[in-house]
Amino acid sequence: MLRNSFKGAASAAPFFPTLLDQMPNAIVVFRAETQQLVYVNPAAESALDLSRKSLEGQSVHGLFGENEALAYMISEVKLGHVQAQRQEMVLHSLPGSIHQDSIPAHVAIALLDDPELLMMEWFPIDQQLRSERDERVTQQVEANKQLMRNLAHEIKNPLGGIRGAAQLLEFELPEKGLREYTQVIIKESDRLQTLVDRLLAPHRKAHVMESFNVHEALERVRSLVLAEFPKGLRIIRNYDKRQYYRRHWK
């Protein structure tokens with residue numbers, strides 16, 4: 001409501017109570033001479049935890065107590081030196097006054113069309129900090145998503161080359177036993193490819209149930225271990241001849 005005045009508007013802000021009722025920030029309108037409130041919007045009622053009826057007629061001084069910064073802002077606008085001022089401050093109250101709590105707030109004072117009326121708008125600073133923090137978190141999450149997508153693409157490209165090279169090598173190997181190692185490379189490349197696809201499109205496919213051969217997983221582990229330790233290690237297999245499957249999420 002006050003932003004145009006901060007930029008040096010040529011005229012004072014108009015007083016439209018129905019419009020101010022819709023404003024999200026707390027706003028009160030008071031008489032310049034007596035500082036008595038003549039209007040309180042719903043956001044101010046909520047901020048002060050008092051009804052409009054009980055607040056109207058109260059003074060700004062009675063609500064927030066001695067506050068040199070606030071008094072100076074009101075004086076500057078009242079005397080016509082500026083049409084609006086804003087400042088961050090702590091709004092205190094006098095002992096035993098209506099509003100007891102201190103409010104760290106961003107406060108603005110503006111002149112209205114009626115020279116007898118001034119408008120005060122405020123909102124808690126923590127609200128502003130919360131909004132800024134939420135915006136930073138949103139930006140960080142989006143940046144992380146973009147980083148993951150770029151990383152996934154960088155991993156995906158060489159995986160295809162590794163798998164293709166392993167397939168070509170498999171055709172050239174003279175012994176079938178050596179091809180077991182190329183199969184390890186191919187299967188591990190496929191596993192990483194699946195993982196990369198999930199990073200690129202985590203919600204593209206729904207989770208489904210399927211049968212899974214436990215022996216196949218054990219054989220893959222055996223192949224990886226033997227590839228890493230080709231000498232001095234012997235693995236004894238004693239599988240049940242019946243093929244047991246377990247259900248798992250994919």
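The values are calculated or read from the model by the stated rules, or taken from the named source; none is laboratory data. None of these values were measured; they are calculated from a predicted model. In this analysis, Cβ positions are derived from the backbone assuming ideal geometry, glycine residues included, and neighbour counts consider all displayed protein chains. Ligands, DNA and RNA are stripped out before the accessible areas are found, and what is left, the full protein with its side chains, is counted by its heavy atoms. Shrake-Rupley method; radii C 1.70, N 1.55, O 1.52, S 1.80 Å.
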Legend entry - Enumeration of residues in the range 57-72 that are open to solvent by less than 60 Å² (accessible area, probe 1.4 Å) and either on the phi < 0 side of the Ramachandran plot or under 35 Å from the mean Cα position of the chain (by Cα) (or both): Ser59, Val60, Gly62, Leu63, Phe64, Asn67, Ala69, Leu70, Ala71
Inset, instruction - Give me the pairs, please: first residue somewhere in the range 62-74 and within 9 Å of His92 (Cβ to Cβ), second residue anywhere and at pLDDT 90 or above and in a helix (DSSP H, G or I), beta-carbon distance under 7 Å, and either six or more positions apart or on two chains. - result: Phe64/Leu70
Legend entry - Residue count for the range 147-182, restricted to those that are at pLDDT 80 or above, closer than 16 Å to Ser223 by Cα and surrounded by fewer than 16 Cβ atoms within 10 Å (Cβ to Cβ): 0
Legend entry - Enumeration of residues in the range 1-31 that are more than 34 Å from the chain's Cα centre (by Cα) and modelled with pLDDT of 90 or more: Val29, Phe30, Arg31
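Given the criteria at pLDDT below 80, closer than 30 Å to Asn25 by Cα, surrounded by fewer than 16 Cβ atoms within 10 Å (Cβ to Cβ) and not charged (D, E, K, R), does Ser102 qualify? Show your work before the answer.
On the way: at pLDDT below 80: yes; closer than 30 Å to Asn25 by Cα: yes; surrounded by fewer than 16 Cβ atoms within 10 Å (Cβ to Cβ): yes; not charged (D, E, K, R): yes.
Yes: the conditions hold for Ser102.
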Inset, instruction - Determine which member of the set Ser54, Ser75 is more than 22 Å from Leu112 (Cα to Cα) and open to solvent by less than 70 Å² (accessible area, probe 1.4 Å). - result: Ser54
Inset, instruction - Quickly run through the range 230-250 and pick out the residues that are surrounded by 10 or more Cβ atoms within 10 Å (Cβ to Cβ) and at pLDDT 55 or above. - result: Ile235, Tyr239
Legend entry - Residues being under 30 Å from the mean Cα position of the chain (by Cα) and farther than 12 Å from Leu192 by Cβ - total across the range 144-161: 10
